[in-house]
1. Looking only at residues in region A:182-206 that are part of a helix (DSSP H, G or I), of a type outside the set (S, T, N, Q) and farther than 23 Å from B:THR188 by Cβ, which one is nearest to the other protein chains (Cβ to nearest Cβ)?
2. Wholly within region B:20-110, which helices (runs of 4 or more DSSP H) include no fewer than the required count, namely at least 1 residues that are surrounded by 15 or more Cβ atoms within 10 Å (Cβ to Cβ) and away from DNA strand D (no atom under 12 Å from the Cβ)?
3. Give the residues of region A:156-181 that are hydrophobic (A, V, I, L, M, F, W, C) and facing chain B (nearest Cβ under 8 Å), sorted by residue number.
Protein chains: 2
Amino acid sequence: MGIVAAADENTAPRRRGRRPGGADTRTSLLDAARAVFAERGYDGATVRVIAERAGVDPAMVNHWFGGKEPLFVAALNLPADPATILGEAVSGDPDELAERILCRLLEVWDSTGGAQFAALLQSIATQDVAAALLREFIARVLVGKVLREVAPDRPELRATLCGTQMFGLAFVRYVLKVEPLASADHATIVSAVAPNLQRYLTGPLP
Amino acid sequence: MGIVAAADENTAPRRRGRRPGGADTRTSLLDAARAVFAERGYDGATVRVIAERAGVDPAMVNHWFGGKEPLFVAALNLPADPATILGEAVSGDPDELAERILCRLLEVWDSTGGAQFAALLQSIATQDVAAALLREFIARVLVGKVLREVAPDRPELRATLCGTQMFGLAFVRYVLKVEPLASADHATIVSAVAPNLQRYLTGPLP
DNA sequence: GTCTATACAACGATAGAC
DNA sequence: GTCTATCGTTGTATAGAC
């Protein structure tokens, strides 16, 4: 035995180099990340603690995911990375930001048929973990990536309001599948929802 | 014997009067209603079929619930009956309809702390039944009770859009509990969300 | 005895077949 | 247009619990 040393201090030096085999470092990291992010939130969860829980070296986070934040969105396991979608959308006319966001989201969601979204919802309902992760996503990605650059006025409130509209839209269209929204084309949805989303982004707030 | 002629031809007449005991007709009806409503939708589910599945007389639907529609909302087992909430809200200035709806909804939801809402969501995610029921709710109660009287223009689309905003708000506030929305007071939420909801109700649509 | 959950029959409305 | 089937609902008599 004795192949892998414990992670703490007073142990024999860890083996270097590639692990024997089978041990899926990436998956272990993802599992550990989901647990730790959920327990302590994004800021409270350190890469070191996550790596320790996974039984691997902290450097593996960078090797497999490219950093703490990419690990976080990977742990969310959302259909397509929202951070990049939102990141791309911010460039351009701020008055049409909602329109661009909705177009991209609909494309991505439609491509998976909403199946992944339903799965995400199920895990949210059953475990607290996924709920905590999604909460962190709204609080961090939405606020940090989009709202800060666009609306310095109450970005947190704006972000959560945007979250209600985006999540509700996805839920009613892809999980509940209520007509006529479920089979409405993108143009209809965008022109119907974008003005409301835009108001949350940059419009007047009480 | 020989009191009543058999209803059909060759069947012994069912026993009349109070059942021996323990047999909970009300619960049986609710279970049967959930199943049949989910299988065939509101219109497709007949009172007779539901009663048959429950093993009781169709008149029991009226006796216990007062009709088919009250049975339906009882089967939904939502936190507070939305049909009455929405029914009360429609009377008054149509331009402040969203405001009235949101105020009432927040009161009701806050009183239960969102616990029932989380439970509902869980059953939606796991079973198809609850999802079908909620879909029927949006399609029927929302459209029939509110939108038809307020916006003759595309009431179905308006109803589903309203559904996205209301459901998303409830989910982010009560299940996800994202700040600052989770602990925002009613006035803030109403003044933030009501204009958007009002646009879905009576505003211009593409 | 009273009270009430139950079963049965029948009514008006409505939709579809012919 | 008429006929029929079926729907939701209502009225009423009955049997068991109390």
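1. Step one: list which residues in region A:182-206 are part of a helix (DSSP H, G or I), which gives A:186-202.
Subset that is of a type outside the set (S, T, N, Q): A:186-187, A:189-190, A:192-195, A:197, A:199-201.
If we keep only those that are farther than 23 Å from B:THR188 by Cβ as well, we get A:186-187, A:189-190, A:192, A:194.
Numbers: A:HIS186: 12, A:ALA187: 8, A:ILE189: 9, A:VAL190: 9, A:ALA192: 6, A:ALA194: 10 Å.
Here the residue is A:ALA192.
2. B:25-44, B:47-54, B:68-76, B:82-90
3. A:LEU157, A:LEU161, A:MET166, A:PHE167, A:LEU169, A:PHE171, A:VAL172, A:VAL175, A:LEU176, A:VAL178, A:LEU181
FYI, it's all coordinate maths here, none of it is from the lab. Quantities reported herein were computed from a predicted structural model and do not represent experimental measurements. Heads up, the Cβs are rebuilt from the backbone with ideal geometry, glycines too, and the neighbour counts pull from every protein chain shown.
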